[in-house]
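Contents: one structure, followed by commentary.
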Amino acid sequence: MEFPAFANEFNKSGIELLPHRSPFLFVDTLISADENGAIGEYTYTAEKNDFFKGHFPDYPVVPGVVLIESMAQVAGAALVARNALGGKDKQATFLLAAVDAVRFRRPVEPGDKLTTVVENIRVGKSLGVFNLKGYVGDTLAAEATVKCMLGEK
């Protein structure tokens, strides 16, 4: 599948861009971003993700709430990276305010790499609205629209 191209290539790890840390950091790499959206990746593994032990142990899958969080973190990483690119000293912060139109299309299992495509619908001073789509390979695995409260640290 051909994913959209965004103007600024970052190839930065999520740990450089987000306040989250293991076991709740779900962005391995922010690939690219601009004012229109972003692309990021995360690979789920039994070593990194302890939830596989208890979430359907005989058929381990990523919990839906974790998929939504993973995709929302890509949107947050993109905001931080774009702020830094724009010369802002302060790091952007974001908190989920609403999650709408969630659809889970296929299970995500240990070893799967989720590629998240973020479409910025509206990004203002205090609120951002994003369409999120998560793919495993060429297959759409999950999608949602989220609203995030935005601020600066």
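The values are calculated or read from the model by the stated rules, or taken from the named source; none is laboratory data. Keep in mind that what you see is a predicted model, and the values were worked out from it rather than measured. With ideal geometry, Cβ positions are generated from the backbone for all residues, glycine too; neighbour counts draw on all protein chains shown. Protein only, heavy atoms only, side chains kept; ligands, DNA and RNA dropped before computing areas. Shrake-Rupley method; radii C 1.70, N 1.55, O 1.52, S 1.80 Å.
Key figures
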{"read-out": "Test result for SER32, assigned to a loop (DSSP other than H, G, I, E, B), in contact (Cβ under 8 Å) with a residue 24 or more places away in the chain and either at negative phi or open to solvent by 10 Å² or more (accessible area, probe 1.4 Å) (or both)", "value": "no"}
{"read-out": "Elements of type strands (runs of 3 or more DSSP E) contained in the stretch 51-151, each with 2 or more residues being open to solvent by 50 Å² or more (accessible area, probe 1.4 Å) and more than 22 Å from ASN36 (Cβ to Cβ)", "value": "92-104"}
{"read-out": "Test: residue in the stretch 55-65 that is within 18 Å of ALA141 (Cα to Cα), in contact with a His (Cβ under 6 Å, 6 or more places away or on another chain) and of a type outside the set (Lys, Arg)", "value": "yes"}
{"read-out": "The listed residue being under 20 Å from VAL123 (Cβ atoms), assigned to a loop (DSSP other than H, G, I, E, B), touching a residue at least 12 places away in the same chain (Cβ under 8 Å) and open to solvent by 50 Å² or more (accessible area, probe 1.4 Å), out of PRO23, PRO19", "value": "PRO19"}
